[in-house]
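Have a look at the structure below, then the notes.
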Amino acid sequence: MGAFPGQEAGVELATIYEISKILSSSLDLNKTAREVLGVLSSHLKMRRGMVSLVQPNGDLHVVEATGMSAEAAQRGRFRKGEGITGKILQTGVPMVVPDVAKEPLFLNRTGSRSLGEGRVVSFVGVPIKLGRETIGVLSVDREVDGAPMNFEGDVRFLAMIANLIGQTARLHQNVAAEREELMQRQHRLQKELQGKYRLDNVIGRSKRMQEVFAEVHQAAPGKSTVLLRGESGTGKEVIARSIHYLSPRKDAPFIKVNCAALSETLLESELFGHEKGSFTGATQERKGRFEMAHGGTLFLDELGEISPAFQTKLLRVLQEREFERVGGNKSIKVDVRLIAATNRNLEEDVAKGVFRADLYYRINVVSIFLPPLRERREDIPLLIEYFLDKFNQENERKLAISPEALEVMLKCNWPGNVRELENCVERTATMTRTGTIQDVDLPCQQNKCFSQVLQHYGQAQQVIPISPISPTATTAPTVAMPDISSGASSEPEAADDPSYMTERERLVWAMEQCGWVQAKAARLLNLTPRQIGYALLKYNVEVKRL
């Protein structure tokens, strides 16, 4: 052996065996490279070693090194063709420098070699290849002890180690490519799954809305009548359109009728049409909405508002899928899918006799309940962003919303649901003078939002006992405060008992206890500043300035 004096061939074989085990033990290339250099340093006569790899920008960086500090290794960066290491990367062939102090191309970029100490330091570098492409350089420094050196053995041995590193790099590259492909496939499947349970015109990532989307996709391909239930403003019409466009009838008409907007006579004519001369003003024959929706979908909104007499007429159409126009005697058959919507409690109306039970069973085939906005608050930021973008496009503005304003809107009860949220965003954006909507710009923070009053209008006032104030009390008493915006009022259950007060009396009492500071009074009554503002306006309480 001429490569490493004093070392036998068995040492080299043992070193290669140890290095092969290291390279196959982990997929962390930096970690294995560091351990490989450690084995070379301990088993062979080597002063320092470096593993340099090509980075995405094309430069060569020292990724692991032994015999030098981390700071020195950080300085080991070379461009292709720069210095000896850069030349190896450029040419792809090994290079040997018998004495680095005498080689002008040797840059000593790391600064880890003390070339002025009188010691002769040789440099051996071999390319790390991936096929025919050079992806890095394995290099070592050895001290020359004065005896003639034959570097052929050094080059041959290091080339074997570099070949093992290259094979490991190929394995890592394949694993990384497979992992990337797997992640892309997973991402694609997630997008497909998300697309399966989403609707183009409906915003919602909450669990409740995902359940609605799944039900819509399940019900859309069939012919069954769909009943959409939910509070006003939850988006029943948008869901109805989605069902239509996801169904085989998507190319046929989608006709909608608001049953609450028409009287019984007009609704009959609107739905079934009329013959010429059937009533005053009927100057020509007119098709009804059922005929117009033939082959498609008819959406009857606010179905719970129709009269009992018209319910009977509608029931026959739903059962037989045929009808006569007003003033006519010819039966007309239609192929129409019905989607109905209501915000009423139909079960309660059936029990009261307001809504026909047989019609209820006829339309209540597939029921989809739309949750109110307060039960899917995680969708509020998405909706606000959508409505604000819509406002900006329509009005050529670039408004944004502050985190504080968003926080206030997240806490709102939104009795009007998505419709109220849209109106609130548009109203606030219109009246905002700066480029960002702040919390103080919101109507509720200016006591100009009365949705809470409307929500609880007509509810009976609850009279809640409160603890009398002790003259020596040091803390405020705990008050169980009902909704102070209730519209009704009642006398105290015991007029002589100071433990009972009316709403107005409790409000004045709280304001007096807090020095007429609304924020403090709100905390005392466990209300929000907005609610205390509503109450002061409602009961016409003049705020004293102390």
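The values are calculated or read from the model by the stated rules, or taken from the named source; none is laboratory data. Since this is a predicted model, take the numbers as computed values, not measurements. Cβ: placed from backbone, ideal geometry, glycine included. Neighbour counts: every protein chain shown. Ligands, DNA and RNA are stripped out before the accessible areas are found, and what is left, the full protein with its side chains, is counted by its heavy atoms. Shrake-Rupley method; radii C 1.70, N 1.55, O 1.52, S 1.80 Å.
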### Query
Hey, what did the range 312-357 get for relative contact order, percent, Cα under 8 Å, at least 6 apart?
23
### Filtered GluC sites (Glu not before Pro), the range 272-308: DSSP coil and at most 15 other beta carbons within 10 Å
GLU285
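Looking at the square roots a ≥ b ≥ c of the eigenvalues of the Cα gyration tensor of the range 259-311, which shape do they give, rounded for a/c under 1.5, prolate if a/b is larger than b/c, or oblate? Could you put the intermediate results ahead of the total?
Numbers: a/c = 2.71, a/b = 1.25, b/c = 2.16.
Oblate.
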#### Entry: DSSP beta bridge pairing in the range 225-339, given as percent antiparallel to the nearest 5
35
### Message
Taking the full set of protein chains and a 1.4 angstrom probe, give the accessible area of LYS333 in square angstrom, rounded to the nearest 10.
### Response
140
#### Entry: Order by protection proxy (mean Cβ within 10 Å, highest first), peptides 337-346, 63-72, 164-173
337-346, 164-173, 63-72
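Report the chymotrypsin sites (Phe, Trp or Tyr not before Pro) located in the range 246-310 that are in a DSSP loop and have at most 16 other Cβ atoms inside 10 Å of their Cβ, or state none.
Values: sites: PHE254, PHE272, PHE279, PHE290, PHE299, PHE310; in loops: PHE279.
Answer in residue order: PHE279.
Counting only C-alpha contacts under 8 Å and six or more residues apart, can you give the relative contact order of the range 281-436 as a whole percent?
20
Normalised by the residues of the range 248-305, what does the relative contact order come to in percent, with Cα pairs under 8 Å and at least six apart? Numbers along the way, then the final one.
On the way: 84 pairs, mean separation 30.0, N = 58.
Averaging sequence separation for qualifying contacts and normalising by length gives 52 percent for the range 248-305.
If you filter the range 239-278 for trypsin sites (Lys or Arg not before Pro), then keep DSSP loop positions with at most 10 other Cβ within 10 Å, what is left? Write out the running numbers ahead of the final one.
Details: sites: ARG241, ARG249, LYS250, LYS256, LYS276; in loops: ARG249, LYS250, LYS276.
Filter output for the range 239-278: empty list.
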